[in-house]
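I have placed the structure first, in the form of C-alpha cells, so that the comments after it can refer back to it.
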Amino acid sequence: IEKNVEMEGNIYLDEGVKVLSGSKLSGNIYIGKNSTIYNNVLVRGNTSIGDNSIIGFSTDIKNVLASNNFLVGPICFISDSIIGTNCFFGGCCRTGNYRFDNQSPNLKYRNKIIPTQLDKFGLIVGDNSKFGMSVISMPGRIVGSNCIVGSQVQIVKNIPSNKKVFLKQNLEITEIE
C-alpha cells in the first residue's frame, strides 16, 4: 500500500494486492489476490473484486460484485453491478444505475419484467465480455457471456450471449465557407 491511501470500514486486501497513492477504500471491501488498484481510485460501499483484477486510475467502483480478472480502464464509473469472470471495461465506461423519473430500475429477462425494488441498479455482465472505450449502459441492463461491445455504444437494451455490438457512424466533413 503506497502513501496517501485512505481506508475506512471493513476492508480485506488479499495476498499480493497493490493499492497506489491517492486511492480511497471505504465500506465493506474485499480485493482479491494479486489485484492492483491504481492511483486515485475510489472503491466504496459493499464491493468484492476477485483475484488478478486491475482497476485503472481515477475510477469509481461502488457496490460491485466482480469475479476474477476484472479489468477496468481509467476514468470509469462501475456501480451497483454484478460482473462475471474475465471481463474488460475500456477507459471512460459508465454504468447508469439511477432512473431520473424516480422509478425503480427493472430487469428484463426472457421477456419478463423483474422489479428490483431498489433505488439503484446498474448492469449484470456474463463471463468473458469486453467493452470498448466510453461504453454507457442504462440502469438494469444485462449483457450475456462472450460479448464484445464496441466503443461509444449506449446499451439501451439487453445483449444476449455471444454477440458483437458496434456503433456505425457517418461523419460528414466539409469545408468551412
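The values are calculated or read from the model by the stated rules, or taken from the named source; none is laboratory data. Source: prediction; values computed, not measured. Here the Cβ is made from the backbone with ideal geometry for all residues, glycine too, and neighbour counts use every protein chain on show. Keep in mind that these areas ignore ligands, DNA and RNA; they rest on the heavy atoms of the full protein, side chains included. Shrake-Rupley method; radii C 1.70, N 1.55, O 1.52, S 1.80 Å.
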Task: Estimated vicinal HN-Hα couplings, Hz - the range 38-53 in sequence order (Karplus 6.51, -1.76, 1.60; Gly, Pro = x) - done: 6, 4, 6, 8, 10, 10, 9, x, 9, 10, 10, 10, x, 4, 6, 9
Task: Order by protection proxy (mean Cβ within 10 Å, highest first), peptides 103-111, 146-154, 40-48, 124-132 - done: 124-132, 40-48, 146-154, 103-111
TODO: Scale the Cα Rg of the range 100-147 by the rule-of-thumb value 2.2 N^0.38 Å and send over the ratio, two decimals.
DONE: 1.24
Task: Loop sites in the range 1-79: GluC sites (Glu not before Pro), DSSP, at most 14 other Cβ within 10 Å - done: GLU2, GLU15
Open item on the list: Below 8 Å between Cα atoms, with a sequence gap of 6+, how large is the relative contact order for the range 8-60 in percent?
Closed with: 33 percent
Task: Heavy-atom accessible surface of the chain: percent carbon and sulfur, 1.4 Å - done: 50 percent
TODO: At q = 0.13, 0.20 Å⁻¹, what is the base-10 log of I(q)/I(0) for the range 79-162 according to the Debye formula with one equal point scatterer per Cα and no solvent? Please give it to two decimals.
DONE: -0.36, -0.85
- [ ] Taking all protein chains together and a probe of 1.4 Å, list PHE166, PHE77 from the most accessible to the least accessible.
- [x] PHE166, PHE77
- [ ] Tell me which label goes with the value of Rg/Rh (Cα atoms, Kirkwood Rh) computed from the coordinates here: [x] 1.05; [y] 1.02; [z] 0.95.
- [x] [y]
Task: Accessible area of the range 1-134 divided out per residue, in Å², using a probe of 1.4 angstrom - done: 51 Å²
Open item on the list: Using only alpha-carbon positions, what ratio does the radius of gyration of the range 20-83 give when scaled by 2.2 N^0.38 Å?
Closed with: 0.93
